[in-house]
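In what follows, a structure is listed as structure tokens, so that the remarks can point back to it.
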Amino acid sequence: MALVSWLAFLAIILVALNLPRELVPQLKVNTAEIRIRTPIEYSFEETAAVVQIIEQRLKKDPAIIQVFSQTGLVSGLETLSPEISLNSARVLFKTRGADDLDSAIERLRAWLTSFPELNFSIIKEQSTLAQWLGTGLSEVGLRLYGDDLELLKREAFELTEKLKGLAGITSARVSFEEGKPEFLLQLRREALEANNLSPESVGNFIVQAVRGRVATSFKEINKKYNITVRAEEAVRADIENVLNLSFPSPSGLIPLRHLVSYQLVRGPSEIRRENQQRMMEIRINVKGKRPSLIFSEIEKLATEINAGRNARLGFGKEAEEMRLSFRSLLVALVLSVVLVYMIMAAQFESLLHPFLIMFTVPMGLAGSVIALALTRQTINLLSLIGLVVSVGIVVNNAIVEIDIINQLRRQGLKLREAVVNGCRLRLRPILMSSLSTVFGLIPLSLGLGGGTDLEKPLGVAISGGLLFSTFLTLILIPCLYEAVEKRKEEREK
């Protein structure tokens, strides 16, 4: 019978390896959000006009009943987020039912792709737990690390094109935006050395001509007004007019054009760093596949990127939180087994009987995993919590059974008679307590009501483990107890 328990434990491993993994369960929702970013050249009015066009398109869709939009910055706290600016917008919409959401998103995505200048992503409503963890269920983040910003930019856009060809990925975008056009002024070193001028003096002259310099102040009663001196507005409005100014030097007036050259460039609007390395993020939208399945395919592309010395591909919050939570809960699962054994060893004042009781743990875990597989649930944060909880529940029946057998033996009954009578006396209490718990978990396991998909894996894991271990406990534990005690008596003789 011990072989049955360990075969059940092997079944856990085989079935669990085939189950898809994700951080939190996906909810059936009827709301989604469109995140839009217009080109950097667009003004706030132009961005608002684009949002208005999208709103009109959404209102014409018969499946959509509500539309709400937010353009630009709404509060001062939003300035701390790099994703929100004057060129960003959010459009939230609600469909009649959860079944209409996917089709509405597909129609909307096909329509938005006709605007190549728009950078957009469509994200379904997230659970509160997913929002707290900062992870999206339908959006996965990748991070490209390196030292050369231009190399990262080139690799990120090449990788984005490759990701678009993978099955299950509907869109991929790079979270990198070039800044507005700016003039890059470069000093002519030869001219500066020939006229014995310092770069600081020329730079200060240009700054004072454009921005101005406080020359003096004017006082009127209790008020003080600064008087700023700078070039005329017509000069400041054109870079060519600025370069036509003359720079006063000890040798005389020198045209500024002879000392400075310029070119029109675009710098990055922001430079992100992580662990003292420059980082560029790629956001991909997933449909029809679990994020964990997408990770395995992306890892193949990561080997190509990581093979180079100048760039390295890593995963975003979704993968990191998944690995961290799974690792922590697996440690908690092992600790729960050890602590339950220690408590039972202290209560029974024996190391052997608690060891027999612990054989119910692999049976309970096997039942939980099989129940998750039959109900098409995933290995996620909630189901792992259910596995940890089931460790403390499934041993209760074995504790009650072995305790009554020990009591009957102390009363003078023989081994076989004590085992048979103990199972008969505790059959009804075990079935009553186990089945009442399982029936109490039925509403949670069925996911009845709105938003209960999040707690469904928890109920399935606990009820499946308890139901599976209850019937096996009635057979396995008495047989193990009699076999071990009989061998123990033979050794004593």
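The table for this structure:
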read-out	value
Links that overshoot a 28 Å alpha carbon limit, given the list Lys300/Lys456; Lys153/Lys180; Lys28/Lys164	Lys300/Lys456
Pairwise FRET efficiency - Glu417 versus Ala98, Cβ, R0 = 60 Å, nearest 0.05	0.50
R0 of 45 Å, Cβ-Cβ distance Ser217-Arg107: FRET efficiency to nearest 0.05	0.10
Two-site FRET efficiency, Ile227 against Glu200, from Cβ-Cβ distance with R₀ of 41 Å, rounded to 0.05	0.95
Cα-centred dipole magnitude for region 180-268, charges only on beta-carbon of K, R (+1) and D, E (-1), debye, nearest 20	380
Region 364-439 pair-distance distribution - Cα-Cα, 10 Å bins, rounded %	17, 36, 26, 16, 5, 0
Normalised alpha carbon radius of gyration of region 356-493 [divisor 2.2 N^0.38 Å]	1.21
Fully extended contour minus Cα-Cα distance, from Leu118 to Arg236, at 0.36 nm per residue	39.2 nm
Amide N of region 236-259 lying under 11 Å from the label point, which is placed 7 angstrom from the Cα of Ala191 along Cα→Cβ	243-247, 254-259
Kirkwood Rh, Cα atoms: Rg over Rh of region 180-268	1.07
Protection proxy ranking of 51-63, 355-367 - average other beta-carbon atoms within 10 Å, highest first	355-367, 51-63
Highest-first arrangement of 332-343, 97-108, where packing means the average Cβ count within 10 Å	97-108, 332-343
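Each reported figure results from applying straightforward, stated rules to the coordinates on display, with no laboratory input. Given the structure is predicted, the values throughout are model-derived calculations rather than measurements. Note that we place each Cβ from the backbone using ideal geometry, even for glycine, and neighbour counts take in every protein chain shown.
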